[in-house]
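The block underneath contains the structure these notes are about, expressed in C-alpha cells.
The values are calculated or read from the model by the stated rules, or taken from the named source; none is laboratory data. Note that the structure is predicted; figures quoted are calculated from it, not measured. Glycine also receives a Cβ, built like all others from the backbone with ideal geometry; neighbour counts cover every protein chain displayed. Just so you know, the surface numbers come from the protein's heavy atoms only, side chains and all, with ligands and any DNA or RNA stripped out. Shrake-Rupley method; radii C 1.70, N 1.55, O 1.52, S 1.80 Å.
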Amino acid sequence: MAQNTAFIIAGAGLAGAKAAETLRAEGFEGPVVLLGDERERPYERPPLSKGYLLGTSEKEKVYVHPPQWYAEHDVDLRTGNAVTALDPAAHEVTLADGSRLGYAKLLLTTGSTPRPLPVPGADLDGVHTLRRLADSDRLKEVFRSASRVVVIGGGWIGLETTAAARAAGAEVTVLESAPLPLLGVLGPEVARIFADLHTGHGVALRCGTQVTEITGTDGAVDGVRLADGTRIAADAVIVGIGITPNSEPAAAAGLKVDNGVVVDEQLCSSHPDIYAAGDVASAYHPLLGRHLRVEHWANALHQPQTAARAMLGREVRYDRLPYFFTDQYDLGMEYTGYVGPEGYDRVVFRGDRAAREFIAFWLSGGRVLAGMNVNVWDVTEPIRALVASGQAVDPERLADTDVPLDALVP
C-alpha cells in the first residue's frame, strides 16, 4: 500500500462499517482500511440488550454486512488490532501490534467503554457489563442459571437487561442512585412510567441507593452491599452506569477533546485530515447550536455517512436530530429530539398513559424539544418536523388525538 494514500477508519463497529460502505458508494477507489480491536466483524449493538439477549433474534442478524462484503468491496478489514496512537504530523497511526500505517484521511469511530464501578469487589467473577457481543453471550448463559440478579444502574442498558433477566425467570433487583430510573434523561413525569413498568413486572426497584461493595465467596459474587448496610444476595451482578468515549489516543495526539473528540458539523476534528463519528464524537449540531455527544444507534448509523462524504470533499453537514428506541416487556418506544441541561418547562401527553399508548412531548416556551412515542407507531416524521421547526405550538391541540400531528407542524 502506498504511503499516505489510504483512508483509515479506526474502529470496526457499526459506524466504521457504514463509513467504509459510504466511501465505496460515493465512488472512492483508493485503499480503505477498517481497523478494530475485536475479533468479530462489525456488528450492531442494540440487539445485544434487546432481541439477541432475549433469544428472539439470531446471531447472524447482528452483523452489519455478510462476511464476504469486505473483500467484495475491497475494504481491508483487520480485526483484533486496534489503533493505539495517532501521529497527525506524519499522517500515521500505530496499531496494537506495533506496526504503523500511513493515511491521507483518518476517521475515528472508536466508540466507548463501560464505566467501571469504583467499589471493592467489582472485579469478582459474576460481575458483568454489556457492551460487546461476547458480553451478551455471557449474559444469556447467566440468565439460564442465575436465580437472583442485581442490576446496578437504571439507565437504558440496565433496564433492558433487567427486562431480559425477568423474561428468563430470574428475580431482579435494580439499584439506582437517583430518585427514579432514567430521571436525568426523561424527567420525573415519564421516568415514573418506566419505574412502574418494571415494578409491575416483579422487579425490586430501589432508588436513592449507593453501592459500597460487591461481596463474594471464593472469588465469585454473592451479593451487593449498600451504604445503609443492607446486603442484597445475588448470583450475578450487571453494572450499567454509563460509558466513556474512547478518545485517549486523540487527546494524546493533541486533538481537541472535551467529552469526546470535538468535531464541527462536517465531523472534522481540530486537525483537517482527522474526523470522528459515533459515540466518540462531540459534534456541533447546527440546529441545536451546541456540541453534543450522542450514545445511540442512529448516530452510529448516520453520522459516519456524513463524515465519509466530508472526507471526500463533499459539502455536507450533520443535522439529524437525535433518535433512539427501546423495547422492554410489552413496551416499545421511539424518542426524537434533545432536551438540554437547561431543561424543559412542560410535558404534554397525547393518548392513554394508563394503557401505555401515548406520545409525550417536552416543551420549553411552547416549542417542542423532543417527543417520545410509546406503543404508537409511524409518527416519528411529524415529531421530527415539530422539533425541527423551532416554532411554538398550542399545547391543547398537541394533546388532542383528534388533531392530526401533521396539522400541528408550522
- Taking the range 12-32 and keeping residues of a type in the set (A, V, I, L, M) and surrounded by fewer than 19 Cβ atoms within 10 Å (Cβ to Cβ) leaves Ala25
- Query: Across the range 243-293, what is the total count of residues that are open to solvent by less than 10 Å² (accessible area, probe 1.4 Å), aliphatic (A, V, I, L, M) and part of a loop (DSSP other than H, G, I, E, B)?
  - Reply: 2
- Which listed residue is part of a strand (DSSP E or B) and out of contact with any Leu (no Cβ under 7 Å at 6 or more places or on another chain), from Gly202, Gly216, Gly229, Gly223: Gly223
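Residue by residue, here is whether (1) touching an Asp or Glu at 6+ places or on another chain (Cβ under 9 Å); (2) within 17 Å of Thr110 (Cβ to Cβ) holds:
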{"residue": "Arg39", "(1), (2)": "no, yes"}
{"residue": "Ser49", "(1), (2)": "yes, no"}
{"residue": "Tyr52", "(1), (2)": "yes, no"}
{"residue": "Gln68", "(1), (2)": "no, no"}
{"residue": "Ala71", "(1), (2)": "no, no"}
{"residue": "Arg78", "(1), (2)": "no, yes"}
{"residue": "Glu92", "(1), (2)": "no, yes"}
- Message: Here is a list: Ser99, Ser49. Which entry is within 20 Å of the chain's Cα centre (by Cα) and of a type in the set (Ser, Thr, Tyr)?
- Response: Ser49
- Kindly list the number of the only condition in (1) farther than 30 Å from Leu267 by Cβ; (2) in a helix (DSSP H, G or I); (3) open to solvent by 20 Å² or more (accessible area, probe 1.4 Å); (4) not hydrophobic (A, V, I, L, M, F, W, C) that fails for Gly184. (1)
- Query: Would you pick out the residues in the range 165-181 that are open to solvent by 10 Å² or more (accessible area, probe 1.4 Å) and either among the aliphatic types (A, V, I, L, M) or part of a helix (DSSP H, G or I) (or both)?
  - Reply: Arg166, Ala167, Ala168, Ala178, Leu180
- Task: Please specify each residue of the range 55-65 satisfying the condition of being touching a Lys or Arg at 6+ places or on another chain (Cβ under 9 Å) and either closer than 15 Å to Arg41 by Cα or touching a residue at least 12 places away in the same chain (Cβ under 8 Å) (or both).
- Result: Gly55, Val62, Tyr63, Val64, His65
- Query: Going through the range 53-66 one residue at a time, which ones are loosely packed, with under 11 Cβ neighbours inside 10 Å and closer than 21 Å to Ala15 by Cβ?
  - Reply: Glu60, Pro66
- Message: With the condition being crowded, with 18+ Cβ neighbours inside 10 Å and touching a strand residue (DSSP E or B) at 6+ places or on another chain (Cβ under 9 Å), I'd like the helices (runs of 4 or more DSSP H) fully within the range 294-410 carrying at least 2 qualifying residues.
- Response: 297-311, 380-389
- Item | Selection from the range 78-89 of residues that are touching a strand residue (DSSP E or B) at 6+ places or on another chain (Cβ under 6 Å), open to solvent by 30 Å² or more (accessible area, probe 1.4 Å) and under 11 Å from Asp37 (Cα atoms) | Arg78, Thr84
- Within the range 90-109, track down each residue that is on the phi < 0 side of the Ramachandran plot and open to solvent by 50 Å² or more (accessible area, probe 1.4 Å). Ala96, Asp97, Arg100
- If we keep just the residues of the range 138-163 that are open to solvent by 50 Å² or more (accessible area, probe 1.4 Å) and part of a helix (DSSP H, G or I), which is farthest from Tyr63 (Cα to Cα)? Ser145
- Message: Given the condition modelled with pLDDT of 95 or more, open to solvent by 10 Å² or more (accessible area, probe 1.4 Å) and under 18 Å from Gly121 (Cα atoms), answer yes or no: does some residue in the range 200-209 qualify?
- Response: yes
- How many residues does the range 224-242 hold that are surrounded by 14 or more Cβ atoms within 10 Å (Cβ to Cβ) and either within 23 Å of the chain's Cα centre (by Cα) or without any contact (Cβ under 8 Å) to a residue 60 or more places away in the chain (or both)? 7
- Item | Subset of the range 340-359 [closer than 23 Å to Leu197 by Cα, touching a residue at least 60 places away in the same chain (Cβ under 8 Å) and either hydroxyl-bearing (Ser, Thr, Tyr) or touching a Leu at 6+ places or on another chain (Cβ under 8 Å) (or both)] | Val347, Arg356
- Message: Return the pair list, or none, for Cβ contacts closer than 9 Å from residues in the range 176-189 that are farther than 20 Å from Tyr323 by Cα to residues that are modelled with pLDDT of 95 or more and basic (Lys, Arg), at least 6 apart or on different chains.
- Response: Glu176/Arg206; Leu180/Arg192
- Does Leu101 satisfy being aliphatic (A, V, I, L, M), over 27 Å from Gly80 (Cβ atoms) and in contact (Cβ under 8 Å) with a residue 24 or more places away in the chain? no
- Having 2 or more residues that are over 30 Å from Ile238 (Cα atoms) is the bar; report the strands (runs of 3 or more DSSP E) wholly within the range 1-117 that clear it. 7-10, 32-35, 75-78, 83-87, 92-95, 100-102, 105-108
